[in-house]
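Notes follow the structure.
The values are calculated or read from the model by the stated rules, or taken from the named source; none is laboratory data. Note that this is a predicted model, so its numbers are computed, not measured. Note that each Cβ is placed from the backbone with ideal geometry, even for glycine, and that neighbours are counted across all protein chains shown.
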Amino acid sequence: MHHAKRRLLRGLCGLPLVGLATGAGASAPVRLQRAPLVALDLTLAAQLRPGQALTLRRRHDLPHDPQAVELYHQGQRLGSLPPSRNHTIAQLLDDGQPLHAEVSHIGPGPEAWQRLEVTLYLLR
């Protein structure tokens, strides 16, 4: 096994992994993490509902966050994973692993980043 894959698996072992039920015969997605978003577009966030799918995109060109992962809804940038939560997700995206993201919580919060959370899954 490659050293990078070993490090990735070690990183995943530290995350709470919860399998979700899917249709018969299909492998269940693995829940990787639930996270708030930073640099959140509040106008777009106000249009979303829990369960709506989001698109994950890597950003390699940000010097302040070389592991940046942004989330989009219908082609519009919604926000980014916090730098403290994006390393493993960035590695999985870089390795071409199939990931799924969806809105998991929308609610009031004193800070903008507390208003919306997403859940990220590894598809098998």
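Regarding Val30, is this residue modelled with pLDDT of 95 or more and under 16 Å from Thr119 (Cβ atoms)?
Numbers: modelled with pLDDT of 95 or more: yes; under 16 Å from Thr119 (Cβ atoms): yes.
Criteria met by Val30.
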Within region 68-104, residues in a loop (DSSP other than H, G, I, E, B) and either within 9 Å of the chain's Cα centre (by Cα) or of a type in the set (D, E, K, R) (or both) come out as Leu81, Asn86, Asp95
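Restricting to region 38-51, name every residue that is under 13 Å from the mean Cα position of the chain (by Cα) and surrounded by fewer than 16 Cβ atoms within 10 Å (Cβ to Cβ).
Going residue by residue through region 38-51, those that are under 13 Å from the mean Cα position of the chain (by Cα) are 38.
None; the set is empty.
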Here are the criteria: (1) surrounded by 16 or more Cβ atoms within 10 Å (Cβ to Cβ); (2) closer than 18 Å to Glu117 by Cβ. Tell me which single one Gln67 does not satisfy. (2)
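Would you point out the residue of region 40-54, among those that are outside any helix (DSSP H, G or I) and under 10 Å from Arg115 (Cβ atoms), that is modelled with the highest pLDDT? Step through it out loud before you land on a result.
Kept after step one, since they are outside any helix (DSSP H, G or I), are these residues of region 40-54: 40-41, 46-54.
From the residues that got through so far, the ones that are under 10 Å from Arg115 (Cβ atoms) too are 40, 46.
Working: Leu40: 89, Ala46: 85.
Going through the qualifying residues, I end up with Leu40.
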Of residues in region 91-115 being at pLDDT 95 or above and acidic (Asp, Glu), the one nearest to Pro36 (Cα to Cα): Glu102
